[in-house]
1. What's the number of the condition Val165 fails, among (1) outside any strand (DSSP E or B); (2) within 16 Å of the ligand (Cβ to nearest atom); (3) of a type in the set (A, V, I, L, M, F, W, C)?
2. May I ask you to say which residue of Tyr212, Tyr289 is of a type outside the set (A, V, I, L, M, F, W, C), outside any loop (DSSP other than H, G, I, E, B) and under 21 Å from Ala41 (Cβ atoms)?
3. Only one of these conditions is not met by Val224: (1) outside any helix (DSSP H, G or I); (2) within 16 Å of the ligand (Cβ to nearest atom); (3) closer than 23 Å to Cys161 by Cα; (4) of a type outside the set (S, T, N, Q). Which number is it?
4. Just one of the numbered conditions (1) under 23 Å from Ala74 (Cα atoms); (2) more than 15 Å from the ligand (Cβ to nearest atom); (3) not small (Gly, Ala, Ser) is not true of Asp175; which one?
5. Could you tell me whether any residue of segment 247-261 is hydroxyl-bearing (Ser, Thr, Tyr) and more than 19 Å from the chain's Cα centre (by Cα)?
6. Got at least one residue in segment 4-20 being free of Cβ contacts under 8 Å to residues at least 60 places away in the same chain, buried (at least 18 other Cβ atoms within 10 Å of the Cβ) and out of contact with any Leu (no Cβ under 8 Å at 6 or more places or on another chain)?
7. What are the pairs, 6+ residues apart or on separate chains, where a residue within segment 217-243 that is without any contact (Cβ under 8 Å) to a residue 24 or more places away in the chain has its Cβ under 9 Å from a residue that is small (Gly, Ala, Ser) and away from the ligand (no atom under 12 Å from the Cβ)?
8. Determine whether Thr144 is over 24 Å from Ala34 (Cα atoms), under 18 Å from the mean Cα position of the chain (by Cα), crowded, with 20+ Cβ neighbours inside 10 Å and of a type in the set (Val, Ile, Thr).
Amino acid sequence: MIKDFVLTAANVPAVHHFVTENTLGRQIASRFVAGETLDMAMPVVHELTRRGVHVSLDHLGENTTTTAEAEAAARDYVTILERINATGADANISIKLTALGLDIGEDVCLRNVRLVLDEACKYHIFVRIDMEGSKYTEPTLRLTHMLHEEFADASAVTGGCVGTVVQSMLFRSADDVARLVEAGIRVRLVKGAYREPSAIAFSDKLDVDENYRGLMHTLLLKGVYPAIATHDERLVVEATRFAREHGIAPARFEFQMLYGIRRDLQDRLVAEGYQVRIYVPYGTQWYPYLTRRMAERPANLFFVVSNLWRG
Ligand code: FDA
């Protein structure tokens, strides 16, 4: 599968070096990434707000290997939260537990996430814990459940100030959704961007999509302000049809899309009265994020290769 090939090739150090040191690599990244600093990202946030969409800011970074790096990532998030609060930006944040030290130890990670959540809850800003590769599914869900209870009373945010993500490519996701819904935790539903073994994940895209459809119905019916995160127009249309048929008001859920992808669909949904949130990543650590965007859509890759060929 091309997705597996791209994700494997991206790990080869020479490929990494070539893309990150190449001007074209940076140009391609700028389609999906809102600059390298918070000062560059904030005007993008305000521009998106003018278009009527909400934002989730992600400071790029994952798999930190030292406690100092993980603490620095947490401090960066505190700075982002202060900036969102000070400017009144219509934004929440998305974090990755491996950026905050999950590979080093759960104690390190928890200390850093608590720092971020203390600040976020104080400002009533929601924090989404992104879902990473399947090695992290179990700890991510366990920590989310724990933190949801711990911070339950700390904020006026609907469903509490922390939520997470479920990937429809994993066999386990129906059970995970059931437990998250039962606990009243907000869920963002995605298909899944990582390479996973066939023992635990659907390898046929049709199955991933079909599972998405079923989980989406469950979340729309029973979830707390679920986020339907996809650019798949058929699923988006299905969500609107299902919500209409079941009397679920547009204010009770939101669509989410990635910065730089399907702007036409984003604008159409806003015009139709739906809530739309754009995931806006920024920072210097854009390489892993970019490779996942390339792997999702071979056309992106062909565009890169043909430009490299032309020099
Ligand atoms: P699909 O891949 O079937 O694409 C449907 C259509 O969307 C394509 O035909 C194309 O038109 C367009 N499209 C999709 N990807 C594109 C791209 N890269 N470039 C250009 N066009 C593209 N994953 C994860 O594992 N953990 C997470 O925490 C998150 N978080 C997250 C947040 C948000 C807001 C979104 C939208 C997505 C994620 N993802 C994620 C990524 C997700 O798992 C998935 O890989 C992508 O959304 C692509 O899948 P689609 O649902 O868009 O469908």
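We did not get these values from a lab; they are worked out from the coordinates using the rules stated. Everything numeric here is computed off the predicted structure, so don't read it as measured data. Cβ placement follows ideal geometry from the backbone for every residue including glycine, while neighbour counts extend to all protein chains displayed.
1. Answer for Val165: the failing condition is (1).
2. Tyr289
3. For Val224, the exception is condition (2).
4. It fails just one condition, (1).
5. no
6. The answer is no; no qualifying residue exists.
7. As it stands, the answer is Ala243/Ala249, since those pairs meet every condition given.
8. Values: over 24 Å from Ala34 (Cα atoms): yes; under 18 Å from the mean Cα position of the chain (by Cα): yes; crowded, with 20+ Cβ neighbours inside 10 Å: yes; of a type in the set (Val, Ile, Thr): yes.
When the stated conditions are applied, Thr144 passes them.
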